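One structure below.
The values are calculated or read from the model by the stated rules, or taken from the named source; none is laboratory data. Treat the numbers as computed from the prediction; the structure is a model and nothing was measured. Positions of Cβ are backbone-derived with ideal geometry, glycine not excepted, and every protein chain shown enters the neighbour counts. Areas reflect the complete protein model, heavy atoms only, side chains present, ligands, DNA and RNA absent. Shrake-Rupley method; radii C 1.70, N 1.55, O 1.52, S 1.80 Å.
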Amino acid sequence: MTALPSGAVTRTFSRLKYVQLEAEKIAETLEKDEEESGNQFLFYSKQPIASRSDSSRIMIGGATRYTSLSRGKEGDQVFSPSARCPSSTSFQWPTLVIETGVSGSLPRLLKDSQWRFRASNGEVRIVILISVKKTAIHFEQWQLAPPGAPRPLTKAYIDILRQNPMPPLLQKPPNMQQHYLCTEVDVTKTTVVGAPMVLPYCALFNVPVRHPNMQDVVLDEQAFRYITGVDFS
């Protein structure tokens, strides 16, 4: 919350649908104002979501600050499994971080993602960057390369990983971590290019083996249409 400007309006939402309505109002404001830089804030407080088993309980947070010895950063949205949520006030590093910005901020978002992998010693397994402009929305999925990958990563090896992604598991020692661009998706008014985007279950829930009743999270073309929900006209 420290990143919010003075005078920011604070509201309490009793239902998720009201959060969606507020987000739509912000998006509409940005589309109407030609000079708008995109620096709007919508803080979604941490909300536990229970499911059928303990291993599947998660915590979703917005604008949550995580720090290293030298700096701190807030993710727009984060995802943590129950094992990393010991209490409602104490949070470990999430497994997934989502960063959003306007098109010109993509280089900064990329630097932020690199910092998260390093500062967390690989506890952050996946970072999704979302770059927004008036005619398209660009998604990038960055994750950790598997142990034994060549150093530095070669284009040929990255191409192999992108065709056959491996779950980004924690490696030891942490300084051997390498991250790479796993998936890119571009959404326009008429096309969705690059889908699907696959988020490995083991990486998200910080487990070595996927439960037989669970599946990876697959974001297909329809999912990206739902996520963006934007009229580019």
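Taking the stretch 194-233 as the range and being under 22 Å from GLU140 (Cβ atoms), aliphatic (A, V, I, L, M) and not in a helix (DSSP H, G or I) as the test, the residues that pass are ALA195, MET197, VAL198, LEU199, VAL217, VAL218, LEU219, VAL230.
If you check PRO94, PRO107 for being at pLDDT 85 or above, under 25 Å from THR228 (Cβ atoms) and part of a loop (DSSP other than H, G, I, E, B), only one passes: PRO94. Every condition in (1) modelled with pLDDT under 85; (2) under 25 Å from LEU219 (Cα atoms); (3) assigned to a strand (DSSP E or B); (4) open to solvent by 50 Å² or more (accessible area, probe 1.4 Å) is met by GLY61 except one, and the failing one is (4).
Checked against the criterion of being in contact with a strand residue (DSSP E or B) (Cβ under 8 Å, 6 or more places away or on another chain), over 22 Å from PRO200 (Cβ atoms) and surrounded by 13 or more Cβ atoms within 10 Å (Cβ to Cβ), the candidates ILE137, ILE128, ILE98 yield just one match: ILE137. Looking across the stretch 109-118, the residues that are open to solvent by 10 Å² or more (accessible area, probe 1.4 Å) and closer than 11 Å to GLN177 by Cα come down to GLN114, ARG118. Condition first: at pLDDT 90 or above, in a strand (DSSP E or B), buried (at least 18 other Cβ atoms within 10 Å of the Cβ) and of a type in the set (Val, Ile, Thr). Can you find one or more residues in the stretch 69-79 that meet it? No, that holds for no residue.
Being within 26 Å of PRO150 (Cβ to Cβ) and hydroxyl-bearing (Ser, Thr, Tyr) is the filter here, so list the residues in the stretch 172-226 that pass it. Listed by number, the residues that qualify are TYR180, THR183.
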